[in-house]
1. Report those helices (runs of 4 or more DSSP H) wholly inside region 1-68 carrying at least 3 residues which are of a type outside the set (Ser, Thr, Tyr) and at pLDDT 90 or above.
2. Looking only at region 32-48, which residues are in contact with a helix residue (DSSP H, G or I) (Cβ under 6 Å, 6 or more places away or on another chain) and not β-branched (Val, Ile, Thr)?
3. So, in region 43-92, exactly how many residues are among the charged types (D, E, K, R) and closer than 16 Å to residue 27 by Cβ?
Amino acid sequence: MPSLQAGARRNDLARQGSYLLSYPFTKLKIDRSFILGLKEAATAKVVVGAIVSLGRSLGLTVTAEGIEHADDLAYLRDLGCNQGQGFLIGHALPAEALFPEQASAPVRARFG
């Protein structure tokens, strides 16, 4: 008797994948949820590796978000990831700290 298998499948990758070839983008970001899962899920390493490989093959700058541990940074460097963001690298700053000369400038809104 044949076995019955059920699961979710994404069949339109070939059709939607052509979008990658026609849209002129230069950067690819890896969501922090994948980076945070590097230690727990083997599939996260596979997905991150595939994203970096795809980006490098297409000549894109690959940025990983959510880097919080030195070993994750080392792993991403070994893969060839170009850029990283996360608390290991630096904490978020308020706009006033980045642009102090604009802190006292009036805020103007334009509606219409």
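1. The qualifying helices (runs of 4 or more DSSP H) are 32-36, 42-57.
2. Selection gives 34, 37, 38, 44.
3. The qualifying residues number 2.
The values are calculated or read from the model by the stated rules, or taken from the named source; none is laboratory data. Predicted model only: the values in this text are computed from it and were never measured. Glycine also receives a Cβ, built like all others from the backbone with ideal geometry; neighbour counts cover every protein chain displayed.
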